Each structure stands twice: as structure tokens, then as C-alpha cells.
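This report concerns only the one structure given below.
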Amino acid sequence: MDDMALTPASITDEIRDAREDFHRLVDEATTADLRKRSNGTRWTNDQLLFHMLFGYIIVRRLLWLVRGFSMLPAAYSRRFALALNSATRPFHVVNYLGSLGGARVLGHGGMEGVMDSVTDGLIRTLDRASEKQLGRGMHFPVGWDPYFRDYMTIQDVLHYGTQHYQHHRRQLTLSNAHSH
């Protein structure tokens with residue numbers, strides 16, 4: 001979706017669509033499909049599905065950071081983003097390792113439950129936030145994710161979850177992944 005066309009309603013729709021898609025992917029995947037390597041990552045499809053969910057979990061945490069830093073002068077979040085950028089390599093290692101066991105720990109039913117809970121919370125945020133609240137922002141560590149921009153608003157962060165989801169969805173090698 002074009003960032004210029006983003007509205008709270010369009011972001012709500014894309015989050016709902018991703019949630020429905022996630023359920024379909026998990027419910028229809030075979031054990032053999034889940035164990036297959038994904039395309040362009042070192043994760044299996046199962047691990048990548050967890051990582052896709054984890055993107056929305058991270059969004060929930062990022063919202064707290066943005067709310068806090070947006071009350072400070074921009075220089076504070078700029079310095080914070082620079083410090084995080086200096087730790088990009090360790091971040092990527094932790095990010096990779098964190099998704100290795102997530103699906104095993106939660107199980108597929110647990111992953112679906114967490115997806116429902118997290119996305120419901122993000123949609124409630126969109127429903128309740130004023131335009132002014134959605135416009136609050138901070139600087140981000142652009143080296144951590146290809147969809148992070150130097151400065152992102154709460155609305156941008158809420159959209160980011162689906163950008164992350166769709167990016168990794170294209171890497172799935174599940175037999176039902178491309179029938180969407």
C-alpha cells in the first residue's frame with residue numbers, strides 16, 4: 001500500500017487481512033511444508049511464520065518507545081537510534097536466534113492466539129488514537145530493518161507490522177503460500 005494513502009482504516013484492514021492470512025497459512029500447512037526451508041532466509045517455514053508474528057509483537061513494544069521519545073526533543077531519539085544502529089550486527093543475531101524456537105514454544109494454536117491478541121490490541125490502538133496521537137514520532141535505527149525509516153510516527157509503526165509480515169510472507173515456501 002502506498003504510504004500516502006495510509007489511514008487508520010486502511011491500516012486496520014491490512015492488519016485484519018494479515019491475521020486472516022496467518023490463520024490460513026498455519027491451519028493449512030502440512031508438517032512437511034513447515035519443516036521446509038524458506039526462500040532467502042536460514043529459517044524453516046515454521047520459524048519464519050513465528051518471525052512474522054513476532055513483527056507484530058515488536059510493534060506493540062515500539063509504540064511505547066515512540067510515545068515516550070515523542071515527548072522529548074528529537075535529538076534524544078536521534079542519539080538513541082544512532083546507538084542502536086551501532087549494535088546492528090548483534091541485533092540481527094538475536095533476531096535470528098529468537099525465532100528458532102518460537103513456534104515450538106508456543107505451538108501453532110498458541111501462535112494463532114497470540115496473533116489474535118496482538119492484532120486486536122493494535123486495532124484498538126488505531127480505533128482510539130487521535131490524529132495528533134498517530135502523528136507522534138521518533139527517529140529509528142534504519143540499519144535494523146529495511147522498512148524502518150529515519151523518522152517514523154505511531155501510524156508508520158502500526159503500518160510497519162504489515163510491511164514486515166508481507167515481506168517475509170513472500171519468502172515462505174509453503175504449498176499454500178502463493179494461492180492467496
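What follows is calculated from the coordinates using simple rules that are stated; it is not laboratory data. No experiment lies behind these values; they were computed from the predicted model shown. Counting neighbours? That spans all protein chains shown, and the Cβs are built from the backbone with ideal geometry, glycine included.
Structure above, values below:
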| quantity | calculated |
| --- | --- |
| Residue list for the stretch 18-44, restricted to those being part of a helix (DSSP H, G or I), within 25 Å of N95 (Cβ to Cβ) and without any contact (Cβ under 8 Å) to a residue 60 or more places away in the chain | R35 |
| Sole residue being of a type in the set (A, V, I, L, M, F, W, C) and touching a Leu at 6+ places or on another chain (Cβ under 7 Å), chosen from V114, V105, V93 | V114 |
| Filter result (over 12 Å from A177 (Cα atoms) and of a type outside the set (S, T, N, Q)) within the stretch 34-47 | R35, K36, R37, G40, R42, W43, D46 |
| Residue match in the stretch 41-52 (condition: over 18 Å from the mean Cα position of the chain (by Cα) and either closer than 17 Å to P141 by Cα or among the charged types (D, E, K, R) (or both)) | yes |
| First in the stretch 142-161 and under 18 Å from Y76 (Cα atoms), second anywhere and of a type in the set (G, A, S) and surrounded by fewer than 18 Cβ atoms within 10 Å (Cβ to Cβ), Cβ under 6 Å, 6 or more apart | T153/G135 |
